[in-house]
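Visitor: Sharing a structure, written as structure tokens. Questions coming.
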Amino acid sequence: MSYLEDLKQENAFVSERMELAVEKLGRIVAGEIEVEEVYKDYFIKMAEFLLLLNDVKNGQYKEELKTCNE
């Protein structure tokens, strides 16, 4: 297998893992995953923050960020 094929395969694997992680974060925010009550607020806030970062990475806030930079 060539280096390029290895890199493509690794990228596909990482993309799949990212999709699974984002899906799980969404389930945490929606309350579908049980978390001990003492940690619940923390996990929900962190999941919301990570989902926001993912949205920014995917360009969903591109226009708003442009206006902030002006």
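Visitor: Just the number, please: carbon plus sulfur as a percent of the accessible area of the chain, 1.4 Å probe, no ligands or DNA/RNA counted.
Guide: Details: 3490 of 6280 Å².
Within the chain, the accessible surface is 56 percent carbon and sulfur.
Visitor: Evaluate the relative contact order of the chain (contact order divided by residue number), counting alpha-carbon pairs under 8 angstrom at least 6 apart; express in whole percent.
Guide: RCO, the chain: 26 percent.
Visitor: Now a separate question. List the lysines whose Cα sits under 21 Å from the Cα of K8, skipping any in the same chain fewer than 8 residues away.
Guide: The qualifying lysines are K57.
Visitor: First check a/c for the chain, with a ≥ b ≥ c the square roots of the eigenvalues of its C-alpha gyration tensor; if it is under 1.5, answer rounded, and if not, answer prolate when a/b is larger than b/c or oblate otherwise.
Guide: On the way: a/c = 3.60, a/b = 1.24, b/c = 2.90.
It comes out oblate by the Cα gyration axes.
Visitor: Right, another one. Taking a cut-off of 19 Å between Cα atoms, list the lysines near K40, but don't count ones fewer than 8 places away on the same chain.
Guide: K24
Visitor: Pull out the extension gain between L52 and L7, defined as 0.36 nm times the separation in residues minus the alpha carbon to alpha carbon distance; nm, one decimal. Could you put the intermediate results ahead of the total?
Guide: On the way: separation 45, 0.36 × 45 = 16.20 nm, distance 2.75 nm.
Going from the current span to full extension adds 13.5 nm.
Visitor: Accessible area per residue for the chain in Å², computed with a 1.4 Å probe and the full protein assembly in place, what is it? Numbers along the way, then the final one.
Guide: On the way: 6280 Å² over 70 residues.
Counting only protein heavy atoms, the per-residue value for the chain is 90 Å².
The values are calculated or read from the model by the stated rules, or taken from the named source; none is laboratory data. What you see is a predicted model; the values in this text were computed from it and never measured. Please note that ligands, DNA and RNA were not included when accessible areas were found on the heavy atoms of the full protein model with its side chains. Shrake-Rupley method; radii C 1.70, N 1.55, O 1.52, S 1.80 Å.
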